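Below is one structure, written out as structure tokens, with a few remarks after it.
What follows draws every value from the coordinates through simple rules; no lab data is involved. As the structure is a computational prediction, the values presented were derived from the model and not from experiment. No Cβ is skipped: glycine too gets one built from the backbone with ideal geometry, and neighbour counts run over all protein chains shown.
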Amino acid sequence: MSRLRQFASGVRTTFPGSDLALWAAGATYFGVIGLVPLALAALWAVGALAGHDTVTGAMSAAIDGLPGGHGTPEALRTLTRVALSMSWVQALVVLFPASLYGEGLRRAFVQMSAEPDSLTGWRGRAGLLGVAAVAPFLVLVVLLSAPYIGPLYTAGGWSLVWGVFVAFHIVWVTVSTALLGVFGLIGPGRIGWRALAIGAFATGSILSGFLQGFVLFLAIPIPWSAPFGGLPIVGAVTALALWLYIMHILVLCGFRATVVLDQMNRASHRES
């Protein structure tokens, strides 16, 4: 019980000068720049691995299971079409803006850790490229499951419940695997494997539930443009930015919890 209280106290306490909301907003800004190029590069690589027809068919199955509002289906189709039409030179070019996301994450992670850091931007970018190398395989797993899960979402009833259950666990495993790279490669310092695995998979379970909630958010029949005088682009960008902002708060809290757990494990090891 005392160890649990020690962990909770460590997570609640931030280092002097750190501001969770501020750094989550900063990571969101870099995410707005880098996530679309990262998705384009990952889909291009999946197309090269599995074939364009496989990617297109799986994406169509995934889109069929999503709510049709807010322009989501057309946005995903456009993203897939553009990604599959890129040349290998274009795929390399989009990795540059994608790497900026790694810089934003590392700058935020530095505030959640006591580890000294230098060349923060470059190390963050290099770490993101490491995550990008694994991303196509994770995206491929999600896409291959779409033809099975998509019809369950549209069937309703217990089929929908089973579809949510299966989708949660697939997203949990893939997102947690990505977080292993994000925390381990982009985060400053070296985190022990035990704390890294526990932190990544615990955070991944929260993010998986959060992503399932986003599907419900898409189903709400209220135009995102309503608070902005009916301007659809402003409404869509604002809604997605708010979703990314909340997601980054969860990621930063998860990283902070992972750092505290690692510190506790190291202290216990020294005492023993």
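I'd like the FRET efficiency for THR78 and ALA48, computed as 1/(1 + (r/R0)^6) with the beta carbon distance as r and R0 of 22 Å, rounded to 0.05. That gives a FRET efficiency of 0.65.
Once the Cβ-Cβ distance between ASP64 and ILE246 is put in as r, and R0 is 25 Å, what FRET efficiency do you end up with, to the nearest 0.05? E(calc), rounded to 0.05, equals 0.40. Angle of helix 52-64 to the longest C-alpha principal axis of the chain, folded into 0 to 90 degrees and rounded to 10: 90°. Projecting the Cα atoms of LEU79, GLY121, VAL142 onto the dipole axis of segment 4-144, where Lys and Arg carry +1 and Asp and Glu carry -1 at the beta carbon, places GLY121 farthest toward the positive end.
How tilted is helix 193-219 with respect to the longest principal axis of the chain? Cα atoms for both, answer in degrees (0 to 90, nearest 10). Tilt relative to the chain: about 30 degrees.
Spin-label model, ARG190 to THR56: label points 7 Å out along the Cα-to-beta-carbon direction sit 4.8 nm apart. In this simple spin-label model, placing a label point 7 Å from the Cα along the Cα-to-Cβ direction at both VAL141 and ALA126 gives a separation of 2.7 nm.
Let me spell out the model: positive unit charges on the Cβ of Lys and Arg, negative unit charges on the Cβ of Asp and Glu, origin at the Cα centre of segment 18-263. What dipole size does that give, in debye rounded to 20?
Computed charge dipole of segment 18-263: roughly 240 debye.
Our summary gives the chain a relative contact order of 26 percent, counting only alpha carbon pairs under 8 angstrom and 6 or more residues apart.
Relative to the longest principal axis of the Cα atoms of the chain, helix 72-85 runs at roughly 90 degrees. Report summary: the helix-based calculation at 222 nm, which adds -39500 (n - 2.57) for every DSSP H run with n ≥ 4 and divides by the residues of the chain, gives -28500 deg cm²/dmol. Compare the Cα positions of SER99, PHE165, LEU38 along the charge dipole of the chain (+1 at Cβ of Lys, Arg; -1 at Cβ of Asp, Glu; about the Cα centre) and return the one farthest towards the positive end. Of the listed residues, the answer is SER99.
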